[in-house]
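Below is one structure, written out as structure tokens; comments come after it.
The values are calculated or read from the model by the stated rules, or taken from the named source; none is laboratory data. If you're wondering where the values come from, they're calculated on a predicted model, not measured in any experiment. Every residue, glycine as well, gets a Cβ built from its backbone with ideal geometry; the counts of neighbours run over all protein chains shown. Protein only, heavy atoms only, side chains kept; ligands, DNA and RNA dropped before computing areas. Shrake-Rupley method; radii C 1.70, N 1.55, O 1.52, S 1.80 Å.
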Amino acid sequence: MSGPPGASTAPFAPAARSVTARAPAKINLSLRVGALRPDGYHTLATVFHAVHLDDLVTATAVAGGEVTVEVADEHGVPVPGVPLDEANLAVRAALWLREASGVPERGVHLAVRKSIPVAGGMAGGSADAAAALVACAELWGTDLDPLARVAAMLGSDVPFALTGGCAIGTGRGEHLETLSAVPVPLHWVLALAGTGLSTPAVYAALDELRGADQGAEPRIDLRLVTALERSLVGALGMLLDNDLEAAVLGLRPALADTLAAGRQAGARAGLVSGSGPTLAFLVDAHRAATVARAVARQPGVADVRHVTGPAPGAALVG
Ligand code: ATP
């Protein structure tokens, strides 16, 4: 077929195909930690709650079979502390998915846009892995069946980043029991720290605090589940808990003042999110701005966000 006079006769080069997916951050409404297992993990019983704070992953097909990544914040500024090689959970997700899907020759470039704090106890790396799985599956037209299996291999929090909503997690957190829809959104003020905390260091601090007493078999208080499923915010506020809190406050003593400041400003409750140092304050919507202003003034607080939950799991954007 010939084009109009003067048109280039060069072969048509299609634009590189890109797919974007998002995945949410999580808060642990209850995090109960049991004994250290022989594999180095602790037995957990937790209630996950996904919130509307998303990382985005754009997967672009590239020739040559390489899997590469770039990581920037919401303003396009590179984010320190995130590996740019196979240690990056989004890269690992793409590599494992193509292996599991029998398309090992596919190359992809992953552009991660982070809103979830790095090493903030909100499972940002796991969100990136879940978003990369969804984006790459769409890009490569692969079967969705392996996604859950690959997610469980990638890390304890990745299966929940795929499903979102609210769920009880047991084992290392990877065995999920989805909870019924929460009728009314919950409002949270998040206090983000300038520097993250290493999750292994927090668990090591907990082991040291506990000494020989390794903790009982962890169980979730079912009153919390009832309060969550019925949106009984008052009861929920009284039942939030985190076994890692003492260890996190031991490593970052100033967080205790921030927790107190948020509670004094009218939060129903405040807790350390996962392994910290992010703090999550459960608030009534009309008090969010007041609580946010109070915690923003505290030393060590780098940013404050007002978010709601539950949020859906990883999904394509657009
Ligand atoms: P965890 O999920 O281990 O409890 P976290 O939620 O506190 O951790 P993440 O932001 O997931 O924090 O990062 C934990 C570590 O994982 C980081 O310090 C970083 O070295 C590594 N990491 C690997 N891939 C990513 C990624 N895509 N985004 C952020 N961190 C990543």
Legend entry - Dipole magnitude of the chain, debye to nearest 20 (Cβ charges: Lys/Arg +1, Asp/Glu -1, about Cα centre): 780
Legend entry - Solvent-accessible area per residue for segment 106-156 (1.4 angstrom probe, square angstrom): 30
Legend entry - Fraction of accessible area attributable to carbon and sulfur, the chain (%, probe 1.4 Å): 56
Inset, instruction - Determine the shape class of segment 248-315: with a ≥ b ≥ c the square roots of the Cα gyration tensor eigenvalues, call it rounded for a/c under 1.5, and otherwise prolate if a/b is greater than b/c, oblate otherwise. - result: oblate
Legend entry - Local electrostatic count, residue 95, Cβ distance below 12 Å [Lys/Arg +1, Asp/Glu -1]: -1
Inset, instruction - Taking the Cα centre of segment 24-173 as origin, sum charge times position over the Cβ atoms of Lys and Arg (+1) and Asp and Glu (-1), and report the length of that vector in debye to the nearest 20. - result: 540
Legend entry - Between segment 283-318 and segment 60-123, the alpha-carbon center distance in angstrom: 26
Legend entry - Net +/- balance of residues flanking residue 189 in space, Cβ distance below 9 Å, scoring K and R +1, D and E -1: +2
Inset, instruction - Please sort by residue number the GluC sites (Glu not before Pro) in segment 49-111 whose DSSP state is loop and whose Cβ has at most 13 other Cβ atoms within 10 Å. - result: 66, 74, 86, 105
Inset, instruction - Specify whether the C-alpha gyration tensor of segment 64-187 places it in the rounded, prolate or oblate class, a ≥ b ≥ c being the square roots of the eigenvalues: rounded for a/c under 1.5, otherwise prolate if a/b is larger than b/c and oblate if not. - result: oblate
Legend entry - Magnitude of the charge dipole, segment 136-260, Cβ model with Lys/Arg +1 and Asp/Glu -1, debye to 20: 220
Inset, instruction - Take each uninterrupted DSSP H stretch in the chain, measure its Cα extent along the helix axis, and return the ones at 15 Å or beyond whose mean Kyte-Doolittle hydropathy is at least -0.5. - result: 89-101, 124-140, 199-210, 254-264
Legend entry - Ranked packing of 118-128, 304-314, most packed first, by mean Cβ within 10 Å: 118-128, 304-314
Legend entry - Environment charge of residue 282, counting only residues whose C-beta is closer than 12 Å and scoring Lys/Arg +1, Asp/Glu -1: +2
Inset, instruction - Taking the dipole about the Cα centre of segment 102-163, with the C-beta of Lys and Arg at +1 and of Asp and Glu at -1, give me whichever of 142, 120, 158 is farthest to the positive side. - result: 120
Inset, instruction - Once you have a ≥ b ≥ c as the square roots of the Cα gyration tensor eigenvalues for segment 179-257, tell me rounded if a/c is under 1.5, and otherwise prolate or oblate according to whether a/b is larger than b/c. - result: oblate
Inset, instruction - Beta carbons within 10 angstrom, averaged per residue: use that to sort the peptides 277-287, 245-255, highest first. - result: 277-287, 245-255
Inset, instruction - Can you tell me which of 49-59, 201-211 comes out highest on packing, and rank the rest after it, using the mean Cβ neighbours within 10 Å? - result: 49-59, 201-211
